[in-house]
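Following: one structure in structure tokens, then a few remarks.
The values are calculated or read from the model by the stated rules, or taken from the named source; none is laboratory data. Here the structure is a predicted model, which means the values were calculated and not measured. For neighbour counting, all protein chains shown are included, and Cβ atoms are generated from backbone atoms with ideal geometry for every residue, glycine included. Accessible surface areas use protein heavy atoms only, side chains included; no ligands, DNA or RNA. Shrake-Rupley method; radii C 1.70, N 1.55, O 1.52, S 1.80 Å.
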Amino acid sequence: MNFLLETLQVIVMSIYYNMEAFVRLFIPPKNKNVTGEIVLITGAGSGIGRLLAEKFAPLGVSLVLWDINQEGMEETSRLVKEKGATKVHYYLCDCSDKSEVYRVADKVKREVGDVSILINNAGIVTGRKFMDAPDSLIEKTFEVNTMAHFWTYKAFLPAMTANNHGHLVSIASSAGLIGVNGLADYCASKFAAIGFAESVALELLATGKDGVKTTIVCPFFINTGMFDGCNTKWPLLLPILDPDYVANKIIEAILTDQVYLLLPRTMYLIIGLKNIIPVKLGILLGMYLGAFNFMDAFKGRVKKVE
């Protein structure tokens, strides 16, 4: 195609996609059927991971739970069975250890089958200023929040691409879209996780594997204990999020193949402004929103896997 034809195509499709997005504000897409899917959730022993497992429980899926906390997984398993899950499997797995991820993944394939919905949820936060954070914790932050995604994708993506069917879900953070004072290592790890997920999504589209869907979730602070003590200056604009609300929105995003989910909705405006306003104005707005002081009273669990 020549320049004029390709340009015309872009203009026409831009109009179409904008109209489609507008219509979906009033007519949401139909939920897909996930009955029979094998859903693996990392960090399923507590927090958002446990809640996601509970939300999936009545949907007819086979649940595979990963965590470093045996008791937490046993409790999650009990809870999801109470909510209707009939096929539940749990495995101890330290997602920061590549060899362990591969070993446990092979065990899952043998004992359960090929994972078709992968939810990378496990995460940790040091909650310390950059110069106060021990090197070992910085490395662990990247191993859990970023590198673990590489290893789980390597383990489970081949089957999805072979079948041109599946769903990759990255539970990232709004701190992966905009820097936060006091969260240098955490922000960097989440920026990396988002960049990785976006790049793999493009690879899938470029190779014609459009049956493998992707969802990137970027919430503000969630009240799970991981960010205990963190505050927000204007709760109406940037509320500390209720875990059950977040889990419901994530499930909705997965079932409707939503590519990006930012929570709360004001994050869409904030991220949009970040990219178009002058830097000094961005800093001023950051101060207004309290972004320089979010972590002042942090007392969360430093090595908590969510």
Given the options Glu75, Glu100, name the one that is open to solvent by 60 Å² or more (accessible area, probe 1.4 Å), charged (D, E, K, R) and more than 17 Å from the chain's Cα centre (by Cα).
Glu75
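Here's a check for you: in the stretch 276-293, which residue that is of a type in the set (Val, Ile, Thr) and part of a loop (DSSP other than H, G, I, E, B) is nearest to His167 (Cα to Cα)?
Among those that are of a type in the set (Val, Ile, Thr) and part of a loop (DSSP other than H, G, I, E, B), it is Ile276.
Evaluate the stretch 153-166: report whether one residue or more is assigned to a helix (DSSP H, G or I) and within 15 Å of Pro219 (Cβ to Cβ).
There is no residue in the stretch 153-166 that is assigned to a helix (DSSP H, G or I) and within 15 Å of Pro219 (Cβ to Cβ).
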Any residue at all in the stretch 120-129 that's closer than 24 Å to Gly211 by Cα and either open to solvent by less than 10 Å² (accessible area, probe 1.4 Å) or in a helix (DSSP H, G or I) (or both)?
yes
